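First comes the structure, then the notes that go with it.
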Amino acid sequence: MIDSKWRRVYLLNAPVVTDFGIYVFAPLDLACAREIAVTADHRGVFVSAIGHEPTAQLISELLDLEIKTQRIEITQQPNEIAIVFRLKSRIREGHLLSIEEIGEIGYDFGLLKKIE
C-alpha cells in the first residue's frame, strides 16, 4: 500500500488542508492505516502531528506503533500523504477528551494525498 516515492507520511487528527493545492481525501481501513504507518516508520519518514495525549495513546494501540504527541504545524507537499484520525462528531469547545470518550464518539481513518 505504501509507495516508495512518498517523502513523508504524516499522522493528523483532522483532515487539514495545509496549503493551496489539489488534494484527495479517501476512507482508509485500519489494516491499511497500520501498514502505511509501520512501513513509513521503518523507512524513517513517519511524522506524528497529534497534539492530544489520549488520542496519541489510542492511535498507538490501534496502529501497534508508538505515537508521539507533538503539536507541530506541517505544510504537506506533493508526494507526501497523511493518515488522518477523524472523530465522527465535533466536541464542545475547550473540552479535552479521554480515551473512553473518543471511543464513545467514534472515529475513522482517512488518507489525505496532496496531488499538486
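If we scan the range 90-110, do we find a residue that is modelled with pLDDT of 90 or more and open to solvent by less than 50 Å² (accessible area, probe 1.4 Å)?
Yes, because at least one residue in the range 90-110 is modelled with pLDDT of 90 or more and open to solvent by less than 50 Å² (accessible area, probe 1.4 Å).
Of all the residues that make up the range 9-53, how many are in a strand (DSSP E or B) and loosely packed, with under 15 Cβ neighbours inside 10 Å?
4
Per-residue answers, yes or no, for (1) more than 12 Å from Leu112 (Cα to Cα); (2) in contact with a His (Cβ under 6 Å, 6 or more places away or on another chain); (3) at pLDDT 90 or above:
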position: Ile2; (1), (2), (3): yes, no, no
position: Val16; (1), (2), (3): no, no, no
position: His42; (1), (2), (3): yes, no, yes
position: Arg86; (1), (2), (3): no, no, no
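Those residues that are of a type outside the set (A, V, I, L, M), within 15 Å of Leu12 (Cα to Cα) and either assigned to a loop (DSSP other than H, G, I, E, B) or modelled with pLDDT of 95 or more (or both), I need them from the range 54-84; list them, please.
Once the filter is applied, which keeps residues that are of a type outside the set (A, V, I, L, M), within 15 Å of Leu12 (Cα to Cα) and either assigned to a loop (DSSP other than H, G, I, E, B) or modelled with pLDDT of 95 or more (or both), the range 54-84 yields Glu66, Lys68, Gln70, Arg71, Glu73, Thr75, Gln76, Gln77.
The values are calculated or read from the model by the stated rules, or taken from the named source; none is laboratory data. Note that the structure is a prediction, hence the values are computed from the model and not measured. So basically every Cβ, Gly included, is an ideal-geometry build from the backbone, and we count neighbours across all protein chains shown. Areas reflect the complete protein model, heavy atoms only, side chains present, ligands, DNA and RNA absent. Shrake-Rupley method; radii C 1.70, N 1.55, O 1.52, S 1.80 Å.
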